[in-house]
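Before any comments, here is the structure.
The values are calculated or read from the model by the stated rules, or taken from the named source; none is laboratory data. Note that the coordinates shown come from a computational prediction; the quantities given were computed from them, not determined experimentally. Positions of Cβ are generated from backbone atoms using ideal geometry, with glycine treated the same way; all protein chains shown enter the neighbour counts. Just so you know, the surface numbers come from the protein's heavy atoms only, side chains and all, with ligands and any DNA or RNA stripped out. Shrake-Rupley method; radii C 1.70, N 1.55, O 1.52, S 1.80 Å.
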Amino acid sequence: MNTNTIGKRSIEDYDTEMETRVSVLEARFDTILPTLATKVDVEQLRREIVESRLEHVKTRDELHVDSAKTREELHSEIAKTRDSTRSEIHALEIKMDARFDAQSAQMQRMYSSALRWMVATLVTIVITQSALIVSVLRVIHP
């Protein structure tokens, strides 16, 4: 067996081809390796992610607190406005009741006055008719 050949190629051809392939691989490694993350890079990224999540949780909690505070203030303002509105409506109801009472009293006085006038008119008519009948009867039956 000949030790100067590998398969059908000579060792020099094999070395040259292998050298070329190794050079290409070294070039690729030299290009790729600097861009790969190290353990330190991965750990730093992990810390940044954890810090970001903690900041997110903190911001979310602050928003919940602010939201609860705003909701409480809003409920308080609504309650004040509702109470104020109810007080105003109650005051208007009292004024309206007073006006209705005054109007009712005035209508009652007008009704009494009209009733007295009608009764007085009827009494006058009845008395006048009675006097006329008596006068006619005296003339007819002296």
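Of the listed values (i) 1.07; (ii) 1.26; (iii) 2.00, identify the label whose number matches Rg/Rh (Cα atoms, Kirkwood Rh) calculated from this model. Checked against the structure: label (iii).
Model label sites at Ser113 and Ala91, defined 7 Å from Cα along the beta-carbon direction, differ in position by 3.4 nm.
Here the calculated FRET efficiency for Ala102 and Thr70, from their Cβ-Cβ distance with R0 = 41 Å, stands at 0.30, rounded to the nearest 0.05.
Determine the calculated [θ] at 222 nm for the chain from helices alone, applying -39500 (n - 2.57) to every DSSP H run no shorter than 4 residues and normalising by the residue count; nearest 500 deg cm²/dmol.
Working: 2 runs with 124 residues, N = 142.
Calculated mean residue ellipticity at 222 nm is -33000 deg cm²/dmol.
Carbon-plus-sulfur accessible fraction, segment 66-142 (probe radius 1.4 Å, protein heavy atoms only): 65%.
Which of the aspartates and glutamates could be linked to Lys58 by a straight reach, that is with a Cα gap under 14 Å, when you skip same-chain ones fewer than 8 residues away? Here the aspartates and glutamates satisfying the reach criterion relative to Lys58 are Asp66.
Give me the dipole magnitude in Debye, nearest 20, for the chain about the Cα centre, with unit charges on the beta carbon: positive for Lys and Arg, negative for Asp and Glu.
Working: 20 positive and 23 negative charges, 431 e Å.
In debye, rounded to 20, the chain gives about 2080.
Rounded to the nearest 10 degrees, the inclination of helix 39-140 to the longest alpha-carbon principal axis of the chain is 10 degrees.
For a modelled paramagnetic label at Glu48, 7 Å from Cα along Cα-to-Cβ, the residues of segment 16-41 in reach, with backbone nitrogen under 18 Å, are 34-41. Relative to the dominant Cα principal axis of the chain, helix 11-32 is inclined by about 30°.
Quick one: accessible area per residue over the chain, 1.4 Å probe, rounded to a whole number of Å²? Walk me through the numbers on the way to the answer.
Numbers: 13400 Å² over 142 residues.
About 94 Å² of surface per residue is accessible.
Computed packing ranks the peptides 62-68, 33-39 as 62-68, 33-39, most packed first, by mean other Cβ atoms within 10 Å.
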